[in-house]
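Read through the structure below, which is laid out as structure tokens, and then see the notes.
The values are calculated or read from the model by the stated rules, or taken from the named source; none is laboratory data. A quick note: this is a predicted structure, and the numbers were derived from the prediction, not measured. When we count neighbours, we look across all protein chains shown, and the Cβ atoms used for this are built from the backbone with ideal geometry, even at glycine.
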Amino acid sequence: MTVSRALSEFSSESNSGVSTPLTSISSVVSLPTQFPSRVFSPLITHALDLPSLRSKPSSQELLAVLCTYARNQGKNFRGNEESIPAPEGFVDWATRLVGSGLEWIEGEDDRELIWDSASARIAERCGRTAAPSMEREFEVRNLDLSIILYEPSLTADSLGLKTWGSSLLLANRLTDRHQDLIPSSRRRVLELGSGTGLLGIVLGVLGYPVLLTDLGEILPNLRLNMDRNRDRFSRCGYSPDVNIEELNWADVEASAAYQRGDKFETIVISDPIYSSEHPQYLANAVGQFLEYDNPQAQVILQLPLRPKFVDVRSDLWRKLRDIGLKPTRQDHESGWDDFGEEIFFWSIWRPREFIDICIDIDSLP
């Protein structure tokens, strides 16, 4: 059942006095999403108007409020602007709800649903790192359809399960200028660190055969996103040629691509460095898979200019130079991520024997 349909049915049945099975809305109350104009609960402007737990409100009444004030992630990292503002004191009310035994609610499943929904509303208001699992919509320039991506809860060891601003900006750049940026040979493109799949999906829609790669624990979610969007785009006449494989930068030789001896004319990478080890790992992977004897071989790289990563970026530039690459093009642009507005840096690196003029790496940010 779709979110809108579940909301509509629940609203109409509640207003008519007919009891609504909670299972019919269990798939929507705990996920932030975009709600239609007809919501479960009348809008509440003061905390005193929230259902008092002393009055033992019904499951439907509690879930109505929790659904009404679910946070919407919006599009393209500009989330929550379409969400319905919750009244002051809503988080305190939801916290009391989580701590209540809800003894008057019949059915353990119903109580669990209310607790889970209240916990999700609290988490949504504690920043991206505390947010629950979510579906997100991204609009990329010059594409007929938006891209829907599922993101599990974010933890420090699963950063590849989140969509980052660099992938959206690079996707926009490619849809604007891919014929200028990627050779016309239509050779297969390699993406290192594909994450949730935004950039790889866009490359596939643009007509490039693409190999998406990431750590093994990232691949199930990547495949889920690829399959869902492949079906959506195929209904509009697109047939993305995309394959997904495991590739651990710290153990490149274990990958199927290495064992096949794959080489690539174009490698794309977005936001690849989160530790001091990553520059060396990334350079090793690029050095292994780039087709160095091809005059058109290139690495397209986009990353945010995070202030705490100046030394790590400098190390990355040196490591790319050490494997025989030089930067030939660069650009800066402002963009958004879940953590606010940032400046992002874009560059193209090519084998040094095929270029006469390059950019001094000491001038790179």
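At a glance:
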item: Strands (runs of 3 or more DSSP E) completely within region 283-365 that count 1 or more residues being over 30 Å from Glu253 (Cα atoms); result: 325-337, 340-351
item: Failed criterion for Asp331 (all others in (1) surrounded by 16 or more Cβ atoms within 10 Å (Cβ to Cβ); (2) at pLDDT 95 or above; (3) not polar (S, T, N, Q) hold); result: (1)
item: Which numbered condition Asp262 misses (of (1) buried (at least 17 other Cβ atoms within 10 Å of the Cβ); (2) out of contact with any Asp or Glu (no Cβ under 9 Å at 6 or more places or on another chain); (3) not in a helix (DSSP H, G or I)); result: (1)
item: Some residue of region 83-106 being at pLDDT below 70, among the basic types (Lys, Arg) and farther than 24 Å from Phe233 by Cα; result: no
item: Close pairs from region 298-327: first more than 29 Å from Arg188 (Cα to Cα), partner of a type in the set (S, T, N, Q), Cβ under 7 Å, at least 6 apart; result: Val312/Ser276
item: Matching entry among Asn80, Asn142 (being among the polar types (S, T, N, Q), modelled with pLDDT under 80 and within 30 Å of Cys236 (Cα to Cα)); result: Asn80
item: Test: residue in region 319-331 that is in the same structural domain as Leu181 (by TED's automatic domain parsing) and touching a Gly at 6+ places or on another chain (Cβ under 6 Å); result: yes
item: Test: residue in region 343-352 that is in contact with a Gly (Cβ under 6 Å, 6 or more places away or on another chain) and under 20 Å from Ser194 (Cα atoms); result: yes
item: Output for region 271-282, where each listed residue is of a type in the set (A, V, I, L, M, F, W, C) and assigned to a loop (DSSP other than H, G, I, E, B); result: Ile273
item: Test set (1) crowded, with 16+ Cβ neighbours inside 10 Å; (2) over 20 Å from Ile182 (Cα atoms) - Val299 fails condition number; result: (2)
item: Elements of type strands (runs of 3 or more DSSP E) contained in region 146-237, each with 1 or more residues being outside the structural domain of Ile343 (by TED's automatic domain parsing), in contact (Cβ under 8 Å) with a residue 40 or more places away in the chain and buried (at least 22 other Cβ atoms within 10 Å of the Cβ); result: 147-151
item: Filter result (in contact with a strand residue (DSSP E or B) (Cβ under 7 Å, 6 or more places away or on another chain) and surrounded by fewer than 18 Cβ atoms within 10 Å (Cβ to Cβ)) within region 349-363; result: Arg352, Ile355, Cys358, Ile359, Ile361
item: Hey, Leu320 in contact with a Ser or Thr (Cβ under 6 Å, 6 or more places away or on another chain) and buried (at least 16 other Cβ atoms within 10 Å of the Cβ) or not; result: no
item: Residue match in region 244-255 (condition: over 26 Å from Arg230 (Cα atoms) and assigned to a strand (DSSP E or B)); result: no
